[in-house]
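The values are calculated or read from the model by the stated rules, or taken from the named source; none is laboratory data. Model, not experiment: these values are computed from the prediction. Every residue, glycine among them, receives a Cβ derived from its backbone with ideal geometry; neighbour counts consider all protein chains shown.
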Amino acid sequence: MKNKAIKQGLNRTRLIPYMFVAPAVLYIIAVTMIPAVMALPISFTNWSALSPNKKFVGFENYIRLISDKAYWESCLVMAKFFFYVPIVMATGLGAALLLNQQQKGTQLFRVIFYAPVITSTVAVAILFDWFYQPTFGLFNAILKSLGLSPIGWLQDPATAVPSVILFKVWKDFGTAMLIYLAGLQDIGSEVKEAAMVDGANVWQRFIHITFPLLKPSHTYLLLTNIINVFMIFQETYVLEGALNSTRTVVNYIYEQGFQSFRMGYASAMSFVLFLFIIIVTIVQQRFSKMELA
Amino acid sequence: MTQKTKKRAGGAVLLLVRVSLSVIIAFPFVWMVVSSFKTIEEFYYLVPTFLPKAFSWDNYAEIIQKYNFLAYYKNSLIVTAFQVITNMVIVLCAGYGFAKFKFRGRNFLFLMILSSTMIPWVATIIPLYILATNLNLIDTMAGLMIPGMANAFNIFLARNFMTGIPNALLESARIEGAGEGKIFTAIVLPSVKPLISVITIQKMIESWNTFQWPLLCVQSDSLRTLPLAIAKLSSQYYDAYNLKMAAATLSIIPVLIIYIIFQKNFVQGVTMSGIK
């Protein structure tokens, strides 16, 4: 009797940790793991969402992808968006250097600089969509008041992607700024003071000391922003450039899967994108392990 | 120039640069708010005016009465409140379980959760949609809320944070005969208050702004959340800039207010979850 009770008690204590982690584990399995495992098989079918029957079609979706001109165009749009990565990093670094020095009001300025990050992308994209209006938008009014000639912004395929990049830099540079601020704090002031004694000027100190020492921040931001560019969707869902000039791969996946109901085909495209993202993620893991070691 | 005046002049220049950049960064928000009180005619001036001719609440009245924005607001509030609570329960329990217990499969399960943070939403969203279709969850409130119930990265954060709780504290409570549930609520939770505020605020913003899944899951008008309603308003009534500005203001201002009140937790959250 007694033994049994002890055994039961023991079993119960063994179960306790599982009870704590079970909700999280089940949630992740249901919402991420099962869908991730389903992704590849779906891409071999002609699932259409409209009709219940789906058929195995082998590599047909992947073959079609190779000859789909619109798909390659969306890849090109995505490639253009990679210019966003160095721009947002440089802006974030500049902001971090500007707000690193503790002075009256530094915290307030940090709060303002970071504010766009926490707002809804759709809501602020609608705001910029209006700013970009060629005839009565704010940006052309400013250009005109400065004596410059107006720009077509989103209406002109040549300036459409740069317009979205401008928006995205304003929206997200705050994240890069905070990462760089954390990096600057890690560097500390001693190294700089040592260099000051050596007589190095501000620029030399930045180029030879600060910038190289921020390498962990550079690596982290470079790779996470590359992944962000692969997945640009909301910005270009609202800020649509003329003649599909801002249609990214994810926008095209959305069109094919959820507007033309070619789920199988859309799955094939997202699986290819997934492979690219995984490669970048693996590189990132390598780098962060190296930094730790 | 003496060293002192030089330093003071440098400080003044720095302040000037900081202030002017802050004005540029904050300007879109200010412009949005003042414009939400303008009439539609004022949006077509070739030389835009900063202040509206008369501050009128008409745009707000119209989006609330004619376009049902209070209902969308309510939906966003329900989804956000639900997901903040589920996230808190799931994340704190899992963080504690992984940080303070040894059990078979712990490393494997934790690695699974960690690797799920590396799977992009693009890869899982179509299968998720198909799953939700098969379970009749498309265009339902449950379907809208389930895929955002917890943030896997927060679990990682919680586990790291909770590893710092002293084991002696837990052991002495066990020796005194406290149950595991009691230990969790009376000892563990009060000692991780900074963690709780970080995950609450992060999840609040994430849920309030989330767009991709609602866009796919919601079909009927009555289930729309704010970002979705704004996007639909914009595509259906593209020229109604006055209404769009009022709608955008309604969506952004509460978030900005919460952000300003809890600013410290935001910075903490980013540095907690950033590199390292």
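A quick yes/no check of all residues on (1) buried (at least 21 other Cβ atoms within 10 Å of the Cβ); (2) within 30 Å of A:MET269 (Cβ to Cβ):
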site	(1), (2)
B:ALA81	no, no
B:VAL91	yes, no
B:GLY97	yes, no
B:LYS100	no, no
B:ARG104	no, no
B:LEU131	no, yes
B:ASN134	no, yes
B:PRO147	yes, yes
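Table: residues versus (1) in contact with a Cys (Cβ under 9 Å, 6 or more places away or on another chain); (2) within 8 Å of another protein chain (Cβ to nearest Cβ); (3) farther than 20 Å from A:SER120 by Cα.
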residue	(1), (2), (3)
B:GLU62	no, no, yes
B:TYR72	no, no, no
B:ALA81	no, no, no
B:PRO127	no, yes, yes
B:ASN134	no, no, yes
B:ALA152	no, yes, yes
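Of the helices (runs of 4 or more DSSP H) lying entirely inside segment B:135-226, those containing at least 1 residues that are closer than 30 Å to B:TRP121 by Cα and touching a helix residue (DSSP H, G or I) at 6+ places or on another chain (Cβ under 9 Å) span B:141-145, B:152-162, B:193-209, B:212-217. Determine, yes or no, whether B:LYS244 is assigned to a helix (DSSP H, G or I), at the interface with chain A (Cβ under 7 Å from one of its Cβ atoms) and out of contact with any strand residue (DSSP E or B) (no Cβ under 8 Å at 6 or more places or on another chain). Considered against the rule, which asks whether it is assigned to a helix (DSSP H, G or I), at the interface with chain A (Cβ under 7 Å from one of its Cβ atoms) and out of contact with any strand residue (DSSP E or B) (no Cβ under 8 Å at 6 or more places or on another chain), B:LYS244 comes out as yes. Listed by first and then second residue, the pairs linking a residue in segment B:245-260 that is surrounded by fewer than 23 Cβ atoms within 10 Å (Cβ to Cβ) and of a type in the set (Lys, Arg) to a residue that is outside any helix (DSSP H, G or I) and at pLDDT below 90, with Cβ atoms under 9 Å apart and 6 or more places separating them unless they lie on different chains, form an empty list. Which one is surrounded by the fewest Cβ atoms within 10 Å (Cβ to Cβ) among residues in segment A:116-163 that are among the polar types (S, T, N, Q) and within 18 Å of B:ASN242 (Cα to Cα)? That would be A:THR135. Any residue at all in segment A:153-162 that's of a type in the set (Phe, Trp, Tyr) and touching a residue at least 24 places away in the same chain (Cβ under 8 Å)? There is no residue in segment A:153-162 that is of a type in the set (Phe, Trp, Tyr) and touching a residue at least 24 places away in the same chain (Cβ under 8 Å).
Taking segment A:17-69, which residues are more than 7 Å from every other protein chain (Cβ to nearest Cβ), assigned to a helix (DSSP H, G or I) and in contact with an Asp or Glu (Cβ under 9 Å, 6 or more places away or on another chain)? Within segment A:17-69, A:MET19 is the sole residue that qualifies. Restricted to helices (runs of 4 or more DSSP H) entirely inside segment A:153-220, those with at least 3 residues that are under 22 Å from A:ILE118 (Cβ atoms) and either in contact with a His (Cβ under 6 Å, 6 or more places away or on another chain) or among the charged types (D, E, K, R) (or both) are A:157-187.
Applying a threshold of 8 Å to beta carbon distances and a minimum spacing of six or more residues, or different chains, the list of pairs starting in segment A:97-109 at a residue that is within 8 Å of chain B (Cβ to nearest Cβ) and ending at one that is of a type in the set (Gly, Ala, Ser) and crowded, with 16+ Cβ neighbours inside 10 Å reads A:PHE109/B:SER22.
The set of residues from segment A:27-78 being hydroxyl-bearing (Ser, Thr, Tyr) and more than 20 Å from A:ILE277 (Cβ to Cβ) comprises A:TYR27, A:THR45, A:SER48, A:SER51, A:SER67. For segment A:222-255, filtering for residues that are in a helix (DSSP H, G or I), over 15 Å from the mean Cα position of the chain (by Cα) and away from chain B (no Cβ under 12 Å) leaves 4.
Residues checked against (1) under 30 Å from B:ILE183 (Cβ atoms); (2) assigned to a helix (DSSP H, G or I); (3) of a type in the set (A, V, I, L, M):
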{"site": "B:PHE43", "(1), (2), (3)": "no, yes, no"}
{"site": "B:LEU46", "(1), (2), (3)": "no, no, yes"}
{"site": "B:THR49", "(1), (2), (3)": "no, no, no"}
{"site": "B:LYS53", "(1), (2), (3)": "no, no, no"}
{"site": "B:SER56", "(1), (2), (3)": "no, no, no"}
{"site": "B:TYR67", "(1), (2), (3)": "no, no, no"}
{"site": "B:TYR73", "(1), (2), (3)": "no, yes, no"}
{"site": "B:PHE82", "(1), (2), (3)": "yes, yes, no"}
{"site": "B:ASN87", "(1), (2), (3)": "yes, yes, no"}
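Among the residues of segment A:78-91, is any within 11 Å of another protein chain (Cβ to nearest Cβ) and either surrounded by 15 or more Cβ atoms within 10 Å (Cβ to Cβ) or not in a helix (DSSP H, G or I) (or both)? Checking segment A:78-91: at least one residue is within 11 Å of another protein chain (Cβ to nearest Cβ) and either surrounded by 15 or more Cβ atoms within 10 Å (Cβ to Cβ) or not in a helix (DSSP H, G or I) (or both).
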